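Chemist: Could you have a look at this structure, given as structure tokens, before my questions?
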Amino acid sequence: MPQAVFCLPYFGPISLYKSLVSYDKVYIEAAENYQKQSYRNRQYIYGANGKLMLNIPVKHSGSKQRLKYSESQIENDFKWQDLHFKSLESAYRTSPYFEFFEDDIEPLFREKFENLFEFNLKCFKTTLDLLDLDIKLEMTSEFFKNYTEIEDQRSLIEAKTKTPFDIKPYHQVFEDKFGFIENLSILDLLFNLGPESVSYLKSL
């Protein structure tokens, strides 16, 4: 299988995992600068009132020097972890597989993290385990604008990037109210499809 480089998301959208399942080895971009308005610190879920953004507050340096993503710090004065897990619980408590995955997901929101990259890495590894994906991960040590030897999937981290393929509808908890909402967090897929999630991703 080919190899690729990805940016590390906060769980990440379905489009990122659709690409991810094509690789058996993935490089995580660990040398880039932190960038706002991306899936690095946000994910979208399907709440009772429609599409809901869960955003991790990040401390911003007072200097003009660009902040490394691997060094970015979480603003923990705001109890964002409690809010995010309560939002997930409220959105997915009645989904088919929330209770099946709850014991794996909840600890991520109970342990305090200072570093955004480290938190996201733990979320990412947990997600790979829940999807039962055996993908070897390796961190980059130097930033390259372009890659020639491996495929570059770093643009999938951008929240405004249009999904380049159709996301087939699957059952969602509140679809009777607002219809199918595509390309939400991978958690939306896991809680609704459970063990069928990988087969769904490979079918896209």
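Chemist: For Cα Rg over 2.2 N^0.38 Å, pick the label among (1) 1.20; (2) 1.26; (3) 1.00 that corresponds to the value derived from the coordinates.
Modeler: Of the listed options (1) 1.20; (2) 1.26; (3) 1.00, (3) comes from this structure.
Chemist: Using modelled amide H (1.01 Å from N, peptide plane; none on Pro or chain starts), what sits under 5 Å from the amide H of Met139, excluding residues fewer than 5 places away?
Modeler: Residues meeting the amide H criterion: Ile28.
Chemist: State to the nearest 20 debye the size of the charge dipole of segment 9-109 about its Cα centre, where the only charges are +1 on K and R beta carbons and -1 on D and E beta carbons.
Modeler: Dipole magnitude for segment 9-109 comes out near 640 debye.
Chemist: Among the listed pairs Lys18/Lys79; Lys36/Lys202; Lys59/Lys79; Lys79/Lys145, give every one whose C-alpha distance is greater than 26 Å. Can you show the working numbers first?
Modeler: Working: Lys18/Lys79 32 Å; Lys36/Lys202 30 Å; Lys59/Lys79 14 Å; Lys79/Lys145 36 Å.
Listed pairs above 26 Å: Lys18/Lys79; Lys36/Lys202; Lys79/Lys145.
Chemist: Evaluate the charge dipole of segment 4-195 about its Cα centre and quote only its size in Debye, nearest 20, assuming +1 on the Cβ of each Lys and Arg and -1 on the Cβ of each Asp and Glu.
Modeler: Details: 24 positive and 30 negative charges, 171 e Å.
So the magnitude is around 820 debye.
Chemist: Report the Cα centroid-to-centroid distance between segment 26-51 and segment 126-196 in angstrom, as an integer.
Modeler: Going from one Cα centre to the other spans 10 Å.
Chemist: In addition: Amide H to amide H under 5 Å from Ile167: which residues, 5+ apart in sequence or cross-chain, H placed 1.01 Å off N in plane?
Modeler: For Ile167, no residues qualify.
Chemist: Here's something else I'd like to know. Answer with one residue from Thr148, Leu137, Phe117: the one whose Cα lies farthest towards the positive end of the charge dipole of segment 106-151, charges on Cβ with Lys, Arg +1 and Asp, Glu -1.
Modeler: Phe117
Chemist: From the residues Val26, Pro195, Ile167, which one has its Cα farthest along the dipole of segment 4-195 in the positive direction, the dipole being from +1 and -1 charges on Cβ of Lys/Arg and Asp/Glu about the Cα centre?
Modeler: Ile167
Chemist: Longest segment of the chain with no trypsin sites (Lys or Arg not before Pro) in a DSSP loop having at most 10 other Cβ atoms within 10 Å? Show your work: numbers first, answer last.
Modeler: Numbers: sites that count: Lys36, Lys64, Lys79, Arg110, Lys112, Lys145, Lys160, Lys162.
Longest stretch, sites excluded: 163-204.
Bear in mind that the values in this text are calculations on the coordinates, not laboratory data. Keep in mind it's a predicted model, so treat the numbers as computed, not measured. Quick reminder, even Gly has a Cβ in these numbers, built from the backbone with ideal geometry, and neighbours come from all protein chains shown.
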